[in-house]
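Just passing along the structure, written as structure tokens.
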Amino acid sequence: MADVLVLIDHNAGLVSRAAGELLTAARALGAVHAVAVVRAGEAEASRAVAAQYGAAKLSIIEAVDGHPITPSVDALASIAQASSPAAILLTSGAKGKEIAGRLAVRLGSGIITDAIELASDFSATQSIFGGSTVVHSKVTHGAPVITVRPNACEPVAAESSPEIIDIPINHTSSGVKVTSRQAPVKGGRPELTEASIIVSGGRGTNGDFGPVESLADALGAAVGASRAATDAGWYPHSNQVGQTGKTVSPQLYVACGISGAIQHRAGMQTSKTIVAINKDADAPIFELADFGVVGDLFNVVPQAAAGVQARKS
Amino acid sequence: MKFLVCVKQVPDSWAEKKLGADSRLDRAGVDAVLNDLDEYAIEEALRICESSGGNGEGGEHSITLLSMGPDRATEAIRKGLSMGADNAILISDDALAGSDALATSLVLAKAIESSGANIVLCGTESTDARMSVVPAMLAERLGWPQLTFAGELKIDVTANTVSIKRMTDEGVEEMEAPLPCVVSVIEKINEPRYPSFKGIMAAKKKSIETHTLADIGLAADQVGSASSWSSVVDAALRPPRSAGIKVVDEGNGGNELVSFLADKKIV
Ligand SMILES: Cc1cc2nc3c(=O)[nH]c(=O)nc-3n(C[C@H](O)[C@H](O)[C@H](O)COP(=O)(O)OP(=O)(O)OC[C@H]3O[C@@H](n4cnc5c(N)ncnc54)[C@H](O)[C@@H]3O)c2cc1C
Ligand SMILES: Nc1ncnc2c1ncn2[C@@H]1O[C@H](COP(=O)(O)O)[C@@H](O)[C@H]1O
């Protein structure tokens, strides 16, 4: 069986939950060759996750320049050329797609992005048009380059001791110089794309995310925002859910003061359970809500947060 | 400086989209518009030019729009021209139908190579394909540096460098690259202008050069659905989500919500 190359997604030494998911999915399809491209001193977390999720082989490459993309493209391309893998899997996200796009060109491979499931023949299931349509696609040329969305499957541990593979990497220069980097301020809340519960706020919060955050904290949830809220500067762009924000698929999505525009729905429509709080009974978000409360979020949300707290104690 | 902005005509992002019988996006029933996200790239090019020497007649810089698409894509291109871009190149050819991102980037890269552009600006995604890979593919094909997801963009004409600031999951990063370079910009970078009446009138006289594949030195079998390296096996509509319970808050809405979550075993 040919190897399946998996790029371990990590961020300043912190390995994402999606890496465990991707390794789990890949294990069902072949012998996993995990690849991690790290900055100095960041190797251990990637090694640990590869071993925890059953990688058969592992290559750890120290990035030669600070560019977030080209070192990974160089590493995956060199390894793919040396080992003819059955497929190359990456995590769907801005970084993963960028690496995948370049890699597909360099290897002469077909590419599929945003897969939510992979079959044994590497055909991929995608959910398109904001979740309204499900397609199955297949790469027909070269080793398939596929990016898989976070939260597509449950990570299941399977200890292994991966064989360390040293493959010479043909480094190219990106021409890009990173002149400053400020690590993200990590709050105590889970990452948006990894969270099993998300509480989001929109224009209806009028800039006050207090109630949204307190319900999120009661539920152990991540905080999301509509574009109206991020455009207004009430919440960072990295928390935006929707077409030009993140696509999420949590167990529970709570929309507070969000109308449910098509571009917002595109990013959350496949959530398992959807709850909406909106004072306009005709807001389109109610068309997909499993449970909707027509009311003022400043009354409903704090009461719900208190109710959740009360059940916990 | 010669700016080139990649723009695509897409079905209106406000419309419900569906697949046609050929498993391709059914474009017939939907209004075709300029990809909203490309307007930010046009606007950014305009702002940079306006702040240093201007574009158009008598200006130091020029802004060319580049698009691959059917002949009717000229409608979307006109909008970009009426915002203030100087001229446009449209690559249109029957053989291009069904091209995937790889073929699209091949065509655009060919056109860019012969355009003499110093900088290529793109949106972050086309709202129909939503792959967000074309800018990276262009950089790879051209062998140019790429600066993506720019939230701020600066060009230093004397040093011949571009720098961006962006906020990603990695944090806030500032990066710099020499020209020529591919840059993609996010929707937070600016607020695109509405074309003025004067702009709309002026756009009617601006040139849209249309090229076929042969004109740019590519063969029909390098592009289109026949050469696409991925294919759709099948497609199906997901059953629409049906609305569930809706209650009106009369002082107890938050508690009712908690009961619902408890029934679902979420709390
Ligand atoms: C190309 C493109 C990409 C886009 N990408 C995205 C995207 O990624 N994500 C995204 O979210 N949007 C996106 N949009 C924007 C989208 O079209 C909407 O404008 C946006 O989602 C609206 O945000 P909102 O629901 O918060 O605001 P609004 O539509 O203004 O809705 C606010 C809602 O809050 C309710 N409300 C007000 N006060 C209260 C209160 N006290 N209590 C309860 N309810 C209250 C109102 O009844 C209303 O329904 C995109 C648009 C385009 C064109
Ligand atoms: N057919 C096209 N013609 C011109 N530019 C395009 C085309 N397709 C994609 N682009 C550019 O590439 C960006 C990303 O598109 P995509 O990778 O298709 O999501 C868009 O915002 C455009 O700037």
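The values are calculated or read from the model by the stated rules, or taken from the named source; none is laboratory data. As the structure is a prediction and not an experimental result, all values here were calculated from the model. Counting neighbours? That spans all protein chains shown, and the Cβs are built from the backbone with ideal geometry, glycine included. Keep in mind that these areas ignore ligands, DNA and RNA; they rest on the heavy atoms of the full protein, side chains included. Shrake-Rupley method; radii C 1.70, N 1.55, O 1.52, S 1.80 Å.
Test each condition in (1) closer than 21 Å to A:E154 by Cβ; (2) within 16 Å of ligand 2 (Cβ to nearest atom) for A:Q243 and report the one that comes out false.
(1)
Now a separate question. Across region A:239-260, which residue is farthest from B:V172 (Cα to Cα) among those that are open to solvent by 30 Å² or more (accessible area, probe 1.4 Å) and within 11 Å of another protein chain (Cβ to nearest Cβ)?
Initially, region A:239-260 is screened for residues open to solvent by 30 Å² or more (accessible area, probe 1.4 Å), giving A:239, A:244, A:246-247, A:249, A:251, A:259.
Those still in the list that are within 11 Å of another protein chain (Cβ to nearest Cβ) too: A:239, A:244, A:246-247, A:251.
Numbers: A:N239: 14, A:T244: 18, A:K246: 17, A:T247: 21, A:Q251: 30 Å.
Residue satisfying both the conditions and the ranking: A:Q251.
Also, quick follow-up: Spot the failing condition for B:S163; the list is (1) within 17 Å of B:A45 (Cα to Cα); (2) open to solvent by less than 40 Å² (accessible area, probe 1.4 Å); (3) in a strand (DSSP E or B), and only one is missed.
With respect to (1) within 17 Å of B:A45 (Cα to Cα); (2) open to solvent by less than 40 Å² (accessible area, probe 1.4 Å); (3) in a strand (DSSP E or B), B:S163 is out only on (2).
Between residues in region A:172-196 that are under 30 Å from B:N160 (Cα atoms) and β-branched (V, I, T) and residues that are open to solvent by 60 Å² or more (accessible area, probe 1.4 Å) and outside any loop (DSSP other than H, G, I, E, B), which pairs lie under 6 Å by C-beta distance while being six or more apart or on different chains?
A:T179/B:E174
I've got another one for you. Within region B:180-201, is even one residue within 28 Å of A:G142 (Cα to Cα), open to solvent by 60 Å² or more (accessible area, probe 1.4 Å) and hydrophobic (A, V, I, L, M, F, W, C)?
No, that holds for no residue.
Looking at B:N255 and the list (1) closer than 22 Å to A:G295 by Cβ; (2) touching a Cys at 6+ places or on another chain (Cβ under 9 Å), which single condition is not satisfied?
(2)
Please work out if B:R130 is in contact (Cβ under 8 Å) with a residue 24 or more places away in the chain and of a type in the set (K, R). Can you show your working first?
Values: in contact (Cβ under 8 Å) with a residue 24 or more places away in the chain: no; of a type in the set (K, R): yes.
Against the criterion (in contact (Cβ under 8 Å) with a residue 24 or more places away in the chain and of a type in the set (K, R)), B:R130 does not qualify.
Identify all residues within region A:80-105 that are away from chain B (no Cβ under 13 Å), assigned to a helix (DSSP H, G or I) and surrounded by fewer than 24 Cβ atoms within 10 Å (Cβ to Cβ); write none if there are none.
Looking only at region A:80-105, we keep the residues that are away from chain B (no Cβ under 13 Å), and these are A:80-86, A:88-89.
Going one step further and asking which of them are assigned to a helix (DSSP H, G or I), we end up with A:80-83.
A:Q81, A:A82, A:S83 - these are the residues of region A:80-105 that are away from chain B (no Cβ under 13 Å), assigned to a helix (DSSP H, G or I) and surrounded by fewer than 24 Cβ atoms within 10 Å (Cβ to Cβ).
Being within 20 Å of A:I165 (Cα to Cα), free of Cβ contacts under 8 Å to residues at least 60 places away in the same chain, more than 10 Å from chain B (Cβ to nearest Cβ) and assigned to a strand (DSSP E or B): is that true of A:V35 here?
Yes; evaluated as a whole, the condition is true for this residue.
Find the helices (runs of 4 or more DSSP H) located wholly in region B:1-117 whose residues include 2 or more that are buried (at least 20 other Cβ atoms within 10 Å of the Cβ), of a type in the set (S, T, Y) and away from every other protein chain (no Cβ under 14 Å), and list them.
Details: elements: B:36-50, B:74-83, B:101-113.
Hits in region B:1-117: none.
While we're on this one: Enumerate the pairs (first residue in region B:153-174 and on the phi < 0 side of the Ramachandran plot; second residue anywhere and of a type in the set (F, W, Y)) with beta-carbon separation below 8 Å, excluding pairs fewer than 6 apart on the same chain, so at least 6 apart or on different chains.
Here the result reads B:R166/B:F149; B:T168/B:F149, each pair linking region B:153-174 to a residue that is of a type in the set (F, W, Y).
Further, regarding this structure: Looking at B:A129, B:A220, which one is open to solvent by 50 Å² or more (accessible area, probe 1.4 Å) and within 15 Å of ligand 2 (Cβ to nearest atom)?
Criteria check complete, one pass: B:A129.
Separate question: Which pairs do you get when a residue that is more than 9 Å from chain B (Cβ to nearest Cβ) and part of a loop (DSSP other than H, G, I, E, B), found in region A:63-76, comes within reach of a residue that is of a type outside the set (K, R) and buried (at least 23 other Cβ atoms within 10 Å of the Cβ), reach meaning Cβ atoms under 8 angstrom, with the pair 6+ apart or on two chains?
These pairs meet every condition: A:A63/A:V37; A:A63/A:P71; A:A63/A:S72; A:V64/A:P71; A:D65/A:P71; A:D65/A:S174; A:D65/A:V176.
If the Cβ limit is 9 Å and pairs must be 6+ apart or interchain, which residue in region B:1-18 that is within 14 Å of ligand 1 (Cβ to nearest atom) pairs with which residue that is among the basic types (K, R) and open to solvent by less than 40 Å² (accessible area, probe 1.4 Å)?
Between residues of region B:1-18 that are within 14 Å of ligand 1 (Cβ to nearest atom) and residues that are among the basic types (K, R) and open to solvent by less than 40 Å² (accessible area, probe 1.4 Å), the close pairs are B:P11/B:K17.
If you take the residues in region A:180-211 that are among the hydroxyl-bearing types (S, T, Y) and more than 16 Å from ligand 1 (Cβ to nearest atom), which one is most open to solvent (accessible area, probe 1.4 Å)?
Step by step, filter region A:180-211, then rank; the result is A:S196.
Can you name every residue in region B:137-158 that is more than 8 Å from ligand 2 (Cβ to nearest atom) and closer than 28 Å to A:I262 by Cβ?
B:T148, B:F149, B:A150, B:G151, listed by residue number.
Filter region A:274-290 down to residues that are open to solvent by less than 10 Å² (accessible area, probe 1.4 Å) and either within 7 Å of chain B (Cβ to nearest Cβ) or not in a helix (DSSP H, G or I) (or both), then give me how many there are.
Total meeting the criteria: 7.
Go through region A:231-264 and report how many residues are among the small types (G, A, S), within 21 Å of A:P150 (Cβ to Cβ) and near ligand 1 (Cβ under 9 Å from one of its atoms).
3
Before we move on, is A:D114 of a type in the set (D, E, K, R), assigned to a loop (DSSP other than H, G, I, E, B) and open to solvent by 20 Å² or more (accessible area, probe 1.4 Å)?
Judged against the criteria, A:D114 is not a match.
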